[in-house]
1. Of all the residues that make up the stretch 40-54, how many are surrounded by 13 or more Cβ atoms within 10 Å (Cβ to Cβ) and either part of a loop (DSSP other than H, G, I, E, B) or at pLDDT 80 or above (or both)?
2. Determine whether D57 is assigned to a helix (DSSP H, G or I) and surrounded by fewer than 14 Cβ atoms within 10 Å (Cβ to Cβ).
3. What's the total number of residues in the stretch 85-102 that are more than 18 Å from V70 (Cβ to Cβ) and assigned to a loop (DSSP other than H, G, I, E, B)?
4. Which residue is surrounded by the fewest Cβ atoms within 10 Å (Cβ to Cβ), if the candidates are limited to the stretch 114-129 and must be modelled with pLDDT of 80 or more and either within 19 Å of the chain's Cα centre (by Cα) or in a loop (DSSP other than H, G, I, E, B) (or both)?
5. Would you be able to tell me the number of residues in the stretch 211-256 that are part of a helix (DSSP H, G or I) and in contact with a Leu (Cβ under 7 Å, 6 or more places away or on another chain)?
6. Return the residues of the stretch 258-270 that are out of contact with any strand residue (DSSP E or B) (no Cβ under 8 Å at 6 or more places or on another chain) and at pLDDT 90 or above; say none if nothing qualifies.
7. Looking at the stretch 216-265 only, could you name the residues that are over 23 Å from S71 (Cα atoms) and of a type in the set (S, T, Y)?
8. Just the residues that are touching a helix residue (DSSP H, G or I) at 6+ places or on another chain (Cβ under 6 Å), hydroxyl-bearing (S, T, Y) and surrounded by 16 or more Cβ atoms within 10 Å (Cβ to Cβ), please, taken from the stretch 86-113.
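The values are calculated or read from the model by the stated rules, or taken from the named source; none is laboratory data. Everything numeric here is computed off the predicted structure, so don't read it as measured data. Virtual Cβ from ideal backbone geometry, glycine too; neighbours counted across all protein chains shown.
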Amino acid sequence: MHQRWASSSLETIQSFDAADMLRIQFPSRHSAVSSCDQYGHLITDDDYDLLCDQGLDTSMPNVPSKNFYVSKSTVSENAGRGVFSSVELELNSYLMAETFAHDVIFSFQGFKIVEKMVGNFCLPKNDFRLGNFLCIVGIYIDAYAYNGIPGGMPVNSGKNTFINHGCHGTANIADEFFEIEQTEFTMFKEGEDPDPETFVIPEEFLFPQFYNPNFDRNGHVNRYDSTESASIPAHTEILDNYVAFGGVKYFLAQAMVLKEQCSGTAGTVLSYEDVYRGGHKYDMFGSKYVMDADEHAQRRFASHRAKASDSATTTTTRNDEL
């Protein structure tokens with residue numbers, strides 16, 4: 001950016017506002033287009049759909065919001081509300097796609113501001129204050145937002161925000177970002193209390209390491225719900241997989257909360273509604289399972305190197321035996 005200014009005819013920066021700051025956080029349109037058109041042969045078939053094919057598939061029908069309703073969840077007695085369809089959902093259908101253009105999105109910088117507010121005013125050590133506006137913003141993020149897209153944390157503004165997590169891998173809709181088989185239970189040993197300083201997120205929950213400007217610029221348009229595994233009968237509760245929604249920093253905290261809720265504790269939103277009786281605290285903010293994203297990246301790379309070394313050693317041993 002500095003080189004662009006230095007080589008331009010402008011001697012000084014005339015203005016620099018929030019719109020400029022937001023724009024330069026993403027790759028340019030040219031680099032996004034060329035990353036797939038010119039270098040697509042470097043991307044594996046498994047990653048191509050994620051990295052290069054963004055947007056809605058016009059051949060897939062959309063079931064509009066009017067065909068869904070919110071009612072008592074069937075997940076458990078303590079799960080609160082859930083989302084149901086009044087019609088059968090055919091295989092390969094979008095769910096309420098028209099609502100995804102109306103999300104509330106917290107920028108990463110905005111999220112950091114909320115984190116700081118929560119830390120200074122709202123965590124248990126500072127006395128939980130539900131009626132304080134600063135704390136309510138934190139509750140809104142804690143209960144509804146998720147780290148699911150490049151560029152920010154969205155909150156669905158429609159009925160789909162009430163979709164519950166499918167415990168034990170029972171999700172019946174698929175997020176375009178992930179095809180996840182592990183659950184909040186299978187990634188931990190029975191009775192294990194994971195250490196956030198040593199825990200490494202399973203690879204299937206993370207984006208490919210291959211850098212792709214197109215995904216960084218356009219990945220957010222892939223964030224919609226669809227039926228990709230099977231059709232769903234009418235009046236069946238819609239269930240998603242929320243394990244990865246905490247992002248890297250809150251991944252472990254999110255997984256542990258889901259494990260507790262799937263074991264019978266009250267759901268997040270229901271707990272907030274009963275706060276004056278139950279004294280609910282934040283699920284994510286202040287959790288002992290919060291991880292440092294940079295340190296986790298180093299552990300992930302070290303794990304990759306170790307696996308590569310083991311694979312090379314195994315190959316060499318087999319060749320020697322032959």
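1. 4
2. Values: assigned to a helix (DSSP H, G or I): no; surrounded by fewer than 14 Cβ atoms within 10 Å (Cβ to Cβ): yes.
No: the conditions fail for D57.
3. Residues flagged as more than 18 Å from V70 (Cβ to Cβ) and assigned to a loop (DSSP other than H, G, I, E, B) within the stretch 85-102 amount to 5.
4. E115
5. Keep residues of the stretch 211-256 that are part of a helix (DSSP H, G or I), which gives 213-222, 243-246, 251-256.
Within this subset, residues satisfying the condition of being in contact with a Leu (Cβ under 7 Å, 6 or more places away or on another chain) are 214-215, 243.
Number of matching residues: 3.
6. The one that is out of contact with any strand residue (DSSP E or B) (no Cβ under 8 Å at 6 or more places or on another chain) and at pLDDT 90 or above: K259.
7. Result: S229, Y250.
8. T99
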